[in-house]
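To start, the structure itself, in structure tokens.
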């Protein structure tokens, strides 16, 4: 036997084995024998013919076998059919049973190897179309990346447990005066004691109040923000020491030494994590304080503090006023529930205690102010402010994912349609739809998973930026990381996307017995797929529309704010805080002379045009807590007594030197500003801003009217209730940031009410004069801290940073979606053109105007854009309302924005249609016809 | 015609090719290849499953015959096969005509 016939024999045996195993019969079955004989004859005929044409017998055999296909290929084709009628498996039942057993034992490994085959096929497919694979991975990667990053925020800020021991039992209590519109009026110590003793749901109630201290003993005089806490603070919060110890109940009371515990963050920032920091002694507001430990990292709430000190570190906290005055509210309260208590039970108890207190101490709870106590789980409290931003980001990310998925789905649909013929044949040869579906699933799964990896990398790269952004809204921003839960979400998105892509396309169905059905099925599948493609593009355009509108609204907000100077001379005003220790070394008279000297000496410096002292820096965010109380003080207008029970009007209380207005660029509208003649012993005067004058004196001159400060907080400030004459009205400044409304402000002259806070310098060269100013101040008092040095322009820029970030983030995502949508439009139209090559070619051959062909395609693009715009318009009317809280001076239905976005999208869609349109007009009719 | 498209009509084509006269597998393959101008290049081995299926569906019948000195299975149309082919041809023709007339007027 020669090699050629050995090859033929081997093939025959292989095919026999495959078929016998397939049909479940012996290989000697007559039906199999018949097939083998036919095949053998076929091969011999082929070889004979090839030899006639001049091939060697070896070559001819090889060629014949390759043309015939492998034994398993042929068997596969049979597998798709029922066994031919001439093979009757029932005649061989025992053999079949044996086969079945064998098959079952091999089943698992066969399934696995089937998966391997599918994976191999999928990889080969992707490598064959690298452009497709790349587009798939990049688009989906971006979508998954955006969502993974945003989810890491949701997880970090919202979902994951608090970094406190059994943090779910922690409650934050807030005391509000709703009718006076004060969100947080804080608690007084007697109130806290009442809640502590009368609410059995609380295992512990702890007190926290923040205060600024001047700290000496570090490299230079500094200011620190300290949380003054009761000894049970760390125990109630469930927070331990990283090194050293935390503050304990033994640190309460008067006879103990002042101690400080550093926050982990301050320890890192100020001491570089040096364990030697513990044990050091520093001077805080003139008192020696020993640093006894470093706390575990914890969210900075209710505000960012550098360290914690015990009560004795602040003499005020042990004073009679603090301990016994029910009105002296300056403390925040956290509580830990007992293991059996619920937030609800605590709420009920607190409500009933509050009701009793309101009855027992009517003088402390003016009904006109509407006092109430609310309880929130600490976890919800931390996330509360971040909510609108996070929801917006979630929405944006979801839209980006939607458009990315639509794009990939379109790619996949086009792929499936291109392979429609191949698959229709496979189906007609009996391949099960399930098999095709599985292959499609794996083909989508692999790039989806690669996309997920890319997305995770993108998210990991962007998460720090995002955390810095969220830090403005949530104390837990430092806990935002890409962790396993986040990875799980990325993986889930990839799997969901892959399933979507695999199950979205309609596969050619099983061919019915009727002839011609195959064609009809394919045509209708193709039609459905084209319709689906267009629908997806419409969705993409709609999503882009929504995102662009959102970005446009946020951008307009930003531009509105950026063009707002807040009513002050932004560029030329340098500000710095020069905090004064009011409990410390100077009497009010000494303080007045100290600050006056400071202003005089700074004004005399070269490059300084003028200088002033003021109690508050404008364009900064609204003050909180105690400062909110100072900011809004009750007053009464002479001749307009407030009715009993009704709230007094309120105005912001400021103290400024005479040069303040001129230095900040605030102009005089009426009357005069302060003068040297306004002395402590002369008539009491005030200046009001325009907003106040317009509101309270709409029909007469404000100048000449008299107002008197009222309310129970005055006695803490040493301010009398005497009437003061309004001598001037000045222009409005946006004290709380350009995005905030102008408050009603009353300015008191520094000479009549010594209160410092900040130094303002008018100069053309802020950078040049900064150092000389600090030197001058330090010469006056080496222990004077000078902090937060910035021009008003920088402060404004900082105050609108969130809006800038909003606009940038949403804008970036919107551009991304726009690009994806443009690619989607171009892709679908190009695909349509390639599918209609013959039709278009015939039309060109029949003399159709090429311009007409271009217009046909452009019209399709315009139609897609139109539907997308309508969808987008509807969606944006639904969704932009949700971000109305983030807008400023722009309505969510801003016609200008909607119009510009509509035009932009239409232009992009037409531009994207231009390429396929051009191709359509350049189809060579001859080529097109030959192709069919 | 595109190869893929031809494949989709494999059953119809086989019936058509056999209708030209009873033939064995190899001859059917050759006729198919010649008629399609070499465009149909599916593995020849897959021809037999298709033939055997048509036979099972009683559209073709087969019997042993000796051709060129060798025993071969020769296929021919059954009555049902002829009817199916006629019907399919008519449908195809009217379909093609409809398409042509649409294209001509377009």
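We did not get these values from a lab; they are worked out from the coordinates using the rules stated. Predicted, not measured: the structure shown is a model, and the values here were computed from it. Neighbour counts run over all protein chains shown; Cβ positions are idealised from the backbone, glycine included.
Radius of gyration (Cα atoms) of segment A:274-381, expressed as a multiple of 2.2 N^0.38 Å: 1.42. Can you give me the C-alpha center-to-center distance between segment A:706-742 and segment A:869-931, rounded to a whole angstrom? If you average the Cα positions of each part, the centres end up 53 Å apart. Between helix A:895-921 and chain A there is an angle of about 20 degrees, using the helix long axis and the longest principal axis of the Cα atoms. Could you pull out which residues in segment A:806-847 have an amide N less than 16 Å from a spot 7 Å beyond the Cα of residue A:465, following the Cα-Cβ vector? Those under the cut-off are A:806-817. Each label was represented as a point 7 Å from its Cα along the Cα-to-Cβ direction; for residue A:609 and residue A:896 these points are 3.1 nm apart. With one equal scatterer per alpha carbon and no solvent term, the Debye-computed log10 I(q)/I(0) for segment A:796-860 at 0.15, 0.22, 0.27 1/Å reads -0.63, -0.91, -1.08. Taking packing as the residue-averaged number of other Cβ atoms within 10 angstrom, the listed peptides A:464-471, A:353-360, A:819-826, A:202-209 run from highest to lowest as A:819-826, A:202-209, A:464-471, A:353-360.
Between the helical axis of A:57-68 and the longest alpha-carbon principal axis of chain A there is an angle of about 60 degrees. For segment A:687-816, the fraction of C-alpha pairs more than 19 angstrom apart is 69%.
I'd like the FRET efficiency for residue A:374 and residue A:679, computed as 1/(1 + (r/R0)^6) with the beta carbon distance as r and R0 of 35 Å, rounded to 0.05.
Step by step, r from the Cβ atoms, then E = 0.15.
Both radii are taken from the alpha-carbon atoms of segment A:425-500; with Rh as the Kirkwood radius, Rg/Rh is 1.27.
Compactness of segment A:228-270 was expressed as the Cα radius of gyration divided by 2.2 N^0.38 Å, which yields 1.20. Which shape class applies to segment A:233-297: rounded if a/c is under 1.5, otherwise prolate when a/b exceeds b/c and oblate if not, where a ≥ b ≥ c are the square roots of the Cα gyration tensor eigenvalues? Oblate shape, in that a/c is at least 1.5 and b/c is the bigger or equal ratio. Legend: mean number of C-beta atoms from other chains within 10 angstrom of residue C-beta atoms, peptide A:28-39, equals 3. Shielding of peptide A:60-67 by partners, expressed as the average count of other chain Cβ atoms within 10 Å per residue Cβ, is 1. Listed by Cβ neighbour count within 10 Å, with the fewest neighbours leading, A:115, A:158 appear as A:115, A:158. Working from Cα pairs under 8 Å separated by at least six residues, relative contact order for segment A:187-228 is 30 percent.
Working from the alpha-carbon coordinates of segment A:862-911, get Rg over Rh, Rh being the Kirkwood radius. Before the final figure, lay out the partial values.
Working: Rg = 11.9 Å, Rh = 11.6 Å.
With Rg and the Kirkwood Rh in hand, the quotient comes to 1.03.
Counted over segment A:830-882 with a bin width of 10 Å, the fraction of Cα pairs per bin, in whole percents, is 22, 35, 20, 15, 8, 1. Remark: segment B:13-76 is approximated by an ellipsoid whose semi-axes, taken from the C-alpha gyration tensor as √(5λ), come to 18, 14, 11 Å, largest first.
With bins 20 Å wide beginning at 0, the percent of Cα pairs of the protein assembly as shown falling in each bin runs 10, 28, 25, 16, 14, 7, 0. Taking 0.36 nm per residue of separation and subtracting the current Cα-Cα distance, fully stretching the chain between residue A:269 and residue A:72 would add 63.9 nm. For segment A:739-852, the gyration tensor built on C-alpha atoms gives a prolate shape. Its axis ratio a/c (a ≥ b ≥ c) is at least 1.5, and a/b is the larger of a/b and b/c.
Each principal axis of the Cα cloud of segment A:171-306 was evaluated for its coordinate range; sorted largest first, these ranges are 46, 31, 29 Å. Contact order for segment A:849-932, expressed relative to its length and based on alpha carbon pairs under 8 Å spaced 6+ residues apart, stands at 55 percent. Stokes-Einstein, applied to the Kirkwood radius of segment A:145-218 over Cα pairs at a viscosity of 0.890 mPa s and 25 °C, places its translational diffusion at 149 µm² s⁻¹.
Counting each DSSP H run of 4 or more residues in chain A as -39500 (n - 2.57), what helix-only mean residue ellipticity at 222 nm follows after dividing by all residues, to the nearest 500 deg cm²/dmol?
Values: 29 runs with 493 residues, N = 932.
It lands at -17500 deg cm²/dmol.
Shielding of peptide B:53-61 by partners, expressed as the average count of other chain Cβ atoms within 10 Å per residue Cβ, is 3. Contact order for chain A, expressed relative to its length and based on alpha carbon pairs under 8 Å spaced 6+ residues apart, stands at 14 percent.
Kirkwood-type hydrodynamic radius, segment A:798-930: 17.0 Å, calculated from all non-identical alpha-carbon pairs. Provide the FRET efficiency to the nearest 0.05 for the residue A:701-residue A:481 pair, computing r from the beta carbons and using R0 = 60 Å. Calculated transfer efficiency: 0.50. To the nearest ten degrees, helix A:801-835 and the longest principal axis of the Cα atoms of chain A are 20 degrees apart.
Rg/Rh for segment A:338-387 stands at 1.09; both radii use Cα atoms, and Rh follows the Kirkwood definition. In plain terms, the chain from residue A:320 to residue A:798 could stretch by 168.0 nm, reckoned as 0.36 nm per residue minus the Cα-Cα distance. A Förster radius of 30 Å, combined with the Cβ-Cβ distance separating residue A:13 from residue A:86, puts the computed FRET efficiency at roughly 0.90. If the chain linking residue A:119 and residue A:245 were pulled fully straight, counting 0.36 nm for each residue of separation and taking away their Cα-Cα distance, it would gain 39.6 nm.
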